[in-house]
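Inspection log for the structure reproduced underneath, given as structure tokens.
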């Protein structure tokens, strides 16, 4: 016994699209961007193999040596190899940014969805708390907290993650609100489902595209915040290599027409643009899916 | 200028294609139609038949993502498809206009109704603003809108849905078009409101001698409005003819099946002795000081029978369903379920009570999580209520899919890969999976085409005979009630105005409101609306 033939499904095409064909639909810009991100990741993972010298190794008697056959990008103010520092910097800068974003997303989205599902005073307390934190400019707040707690890498990660999670909270609460209003949430409540199921199985899959897109953006912001903090001297401390501090160290040279500082700056810019290109494509797809529904 | 008998609109062999997922499929497949001046043509078909696409093509327009691949649309001697866009645009809104299905979604909420009504005329310099305003007021009066002189100052949210639909008609008629395309203008309205809108549209169209294309899936409605009817299916013409001839003697099987939809009738069963659900003196209001949404409700749902709750929107019928489900908490009164007093909140009920009362929502689009497959949707109640796992659960999923007349191959589909009727079946299957004694069906067939409705109603009847489920069936549609109910409760403004076995409620004498509701349901004869208006006018003028 089957459905009435008059009552046919709208799509006669394949029932599910594979991941491969999803990648194949990516525009050229997104594909190039993905290749660039992959290259960054490989550099970060295999930094000790790729770098010609150590991270903090003083290899030259001459600070700010110009590029030559031995030091492809020249040396910095202490006579360390710029290229090696750039390669190790990928590891530190990206690793810290990734850790920060992961923590801020886990925290922010869980609390955001919980606030949307439970509503009432839980929502009020969480939202007003977030409002208060967001009222203070993020960079200044981070500077204050870092000077209180001391500028170590774990402190840096936790403080930026906490401040960033307020933004994630706002976004995930807003998108979850739209899903909570749907009747399938009511149906789940009528089944007596717990909070964990409602968050994980009913809401999260529906807001995932937005969250992933937001993740890409937040990753860039975390990256830029760390660079900015390093530039101000409260970020990653020497001798650890990181692109933000490398820009700061070379910044005094700009008056003399030396363009060394542009090398780490370009590394930051290229990664940021690449991540955004991928995010844009993903957002396009996600909104397209929503329209199609 | 052409003579009066000449064709105003002549669509020849029109082909339209639409794109989805990079593939082009045919929406309108070589349809031809002609329309004389002052003639009303009804376009009938299920959703997806290409009615709206054809209607829009009469304006020389296709929706984004569609393209015209062949044919001609000749309006008053000119082929709209070969005209450049800047010569087509002045015709739209002036010579040809369009009335959309959802007036609420089509008005701009930030502008007054008057400004939106006269916008076309003023923008195109067809008449000065004062004159346009006077003409619009005339139209409002002709469409029997209340306070025609001042209603234009209001904003869309300040008038009712029926009034908004009439204002959109006034807007369409404002520039004195030769042709109006009505795209399901009354589908979203209650039957009682529908009568008023139909009457005023028909009057206005007749008075000005405007030609019209009237698109609908409701045959009884089109019978009142159209001189001729065209039946479409899968983008092709099935049958065409004069309205009376089409109603009396349809030639094609498909047309006959459309006509036969309203013939589902439940056989009368013996009254059941034991009540499953009893409600006594129930009151409910939204908020402490809010107006009463339910007042003094008393009713009984017998075991294995169907109680239909009928009323227009705002009558409190859905609220009542939600009170039983435990989603709304009653202010006072008692609900007894199978001998025990039902806790008011869903949170206070134990798992078994949750299982025994299931609510099936109206819209499967929002009631099914779009990211879950059919299997996941149906399996979850099996897990939570029956602790079924693995192969046992899978077997039950297959059984349920058979029960709702879908094959096992549908188990891996997402809701977006199902048709509207199939989605609603899955929605019902999720309720069935719990193994309920009482199923609250909240307008489960209202958003569906009549043929699909019929299929689902038959399925529900079969399931009831097989599983002895009681249905608390909320609907505004009288023909659905005829098809499925054992007992009927008529609700109006939160109160029960009439209740009893189906035969008693549907046969006279009626409570005045039941009379109004029954009378407003369109009937399949061409003079129904005329008769109804005449009898209402007669009773209104009687002392």
ask   = Can you find even one residue in the stretch B:262-284 that is under 22 Å from residue B:521 (Cβ atoms), crowded, with 18+ Cβ neighbours inside 10 Å and without any contact (Cβ under 8 Å) to a residue 60 or more places away in the chain?
value = no
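Here are B:65, B:70, B:50, B:77: which of them is under 17 Å from residue B:236 (Cβ atoms), in contact (Cβ under 8 Å) with a residue 12 or more places away in the chain and surrounded by fewer than 18 Cβ atoms within 10 Å (Cβ to Cβ)? Lay out the reasoning, then the answer.
On the way: B:65 fails: under 17 Å from residue B:236 (Cβ atoms); B:50 fails: surrounded by fewer than 18 Cβ atoms within 10 Å (Cβ to Cβ); B:77 fails: under 17 Å from residue B:236 (Cβ atoms).
Criteria check complete, one pass: B:70.
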request  = Please find, within the stretch B:336-360, the residue that is farthest from the other protein chains (Cβ to nearest Cβ) out of those that are surrounded by 18 or more Cβ atoms within 10 Å (Cβ to Cβ) and farther than 17 Å from residue B:469 by Cα.
outcome  = B:342
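Report the residue count in the stretch B:221-245 for those that are in a helix (DSSP H, G or I) and touching a helix residue (DSSP H, G or I) at 6+ places or on another chain (Cβ under 7 Å).
Just the residues of the stretch B:221-245 that are in a helix (DSSP H, G or I), to begin with: B:221-225, B:243-245.
Narrowing further to those that are touching a helix residue (DSSP H, G or I) at 6+ places or on another chain (Cβ under 7 Å): B:221, B:223-225, B:243.
The number of residues fulfilling the criteria is 5.
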ask   = Residues A:229, A:234, A:217: which one is in contact with a helix residue (DSSP H, G or I) (Cβ under 7 Å, 6 or more places away or on another chain), in a helix (DSSP H, G or I), more than 13 Å from every other protein chain (Cβ to nearest Cβ) and more than 19 Å from residue A:273 (Cα to Cα)?
value = A:229
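Here is a check on your reading of the model: is residue B:307 in contact (Cβ under 8 Å) with a residue 60 or more places away in the chain, in contact with a strand residue (DSSP E or B) (Cβ under 7 Å, 6 or more places away or on another chain) and outside any helix (DSSP H, G or I)? Let's see the steps before the verdict.
Details: in contact (Cβ under 8 Å) with a residue 60 or more places away in the chain: yes; in contact with a strand residue (DSSP E or B) (Cβ under 7 Å, 6 or more places away or on another chain): yes; outside any helix (DSSP H, G or I): yes.
Here the answer is yes, as residue B:307 does meet what is asked.
Looking at B:315, B:416, B:391 in this structure, which one is within 30 Å of the chain's Cα centre (by Cα) and surrounded by fewer than 20 Cβ atoms within 10 Å (Cβ to Cβ)? Steps first, answer last, please.
Numbers: B:315 fails: surrounded by fewer than 20 Cβ atoms within 10 Å (Cβ to Cβ); B:391 fails: within 30 Å of the chain's Cα centre (by Cα).
Residue meeting the stated conditions: B:416.
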ask   = Tally time: how many residues in the stretch B:326-335 are under 17 Å from residue A:186 (Cβ atoms), more than 10 Å from chain A (Cβ to nearest Cβ) and surrounded by 16 or more Cβ atoms within 10 Å (Cβ to Cβ)?
value = 1
request  = Of the conditions (1) modelled with pLDDT of 85 or more; (2) closer than 20 Å to residue B:442 by Cα; (3) not assigned by TED's automatic domain parsing to the domain that holds residue B:306, residue B:521 clears all except one; give me its number.
outcome  = (1)
Residues that are closer than 25 Å to residue B:356 by Cα, more than 9 Å from chain A (Cβ to nearest Cβ) and in a helix (DSSP H, G or I), drawn from the stretch B:407-426 = B:423, B:424, B:426
note = By residue number, the members of the stretch B:172-203 that are in contact (Cβ under 8 Å) with a residue 60 or more places away in the chain and assigned to a helix (DSSP H, G or I) are B:172, B:173, B:191, B:192, B:193, B:194, B:195, B:198, B:199, B:202, B:203
inquiry  = So, in the stretch B:35-92, exactly how many residues are in a loop (DSSP other than H, G, I, E, B) and closer than 30 Å to residue B:526 by Cβ?
reply    = 12
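Any chance you could count how many residues in the stretch B:365-379 are within 19 Å of residue B:407 (Cα to Cα) and either within 7 Å of another protein chain (Cβ to nearest Cβ) or touching a residue at least 24 places away in the same chain (Cβ under 8 Å) (or both)? Lay out the reasoning, then the answer.
Initially, the stretch B:365-379 is screened for residues within 19 Å of residue B:407 (Cα to Cα), giving B:368, B:372-379.
The next check asks that each one be either within 7 Å of another protein chain (Cβ to nearest Cβ) or touching a residue at least 24 places away in the same chain (Cβ under 8 Å) (or both); those that pass are B:368, B:372-375, B:377-379.
Going through the stretch B:365-379 one residue at a time, the tally reaches 8.
Residues of the stretch A:156-188 being within 13 Å of another protein chain (Cβ to nearest Cβ) and in a helix (DSSP H, G or I), which ones? Please lay out each step first, then the result.
To start, the set of residues in the stretch A:156-188 that are within 13 Å of another protein chain (Cβ to nearest Cβ) comprises A:178-188.
Of everything in the stretch A:156-188, those that are within 13 Å of another protein chain (Cβ to nearest Cβ) and in a helix (DSSP H, G or I) turn out to be A:178, A:179, A:180, A:183, A:184, A:185, A:186, A:187, A:188.
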ask   = Would a scan of the stretch A:21-38 turn up a residue that is at pLDDT below 75 and away from every other protein chain (no Cβ under 14 Å)?
value = yes
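Please determine whether any residue of the stretch B:398-406 is farther than 19 Å from residue B:437 by Cα, modelled with pLDDT under 90, facing chain A (nearest Cβ under 8 Å) and buried (at least 18 other Cβ atoms within 10 Å of the Cβ).
Taking the stretch B:398-406 first, the residues farther than 19 Å from residue B:437 by Cα are B:398, B:401-402, B:405-406.
Then drop every residue that is not modelled with pLDDT under 90, which leaves B:402, B:405-406.
Those still in the list that are facing chain A (nearest Cβ under 8 Å) too: B:402, B:405-406.
Filter again for buried (at least 18 other Cβ atoms within 10 Å of the Cβ), leaving B:405-406.
Checking the stretch B:398-406: at least one residue is farther than 19 Å from residue B:437 by Cα, modelled with pLDDT under 90, facing chain A (nearest Cβ under 8 Å) and buried (at least 18 other Cβ atoms within 10 Å of the Cβ).
The values are calculated or read from the model by the stated rules, or taken from the named source; none is laboratory data. Predicted, not measured: the structure shown is a model, and the values here were computed from it. Positions of Cβ are generated from backbone atoms using ideal geometry, with glycine treated the same way; all protein chains shown enter the neighbour counts.
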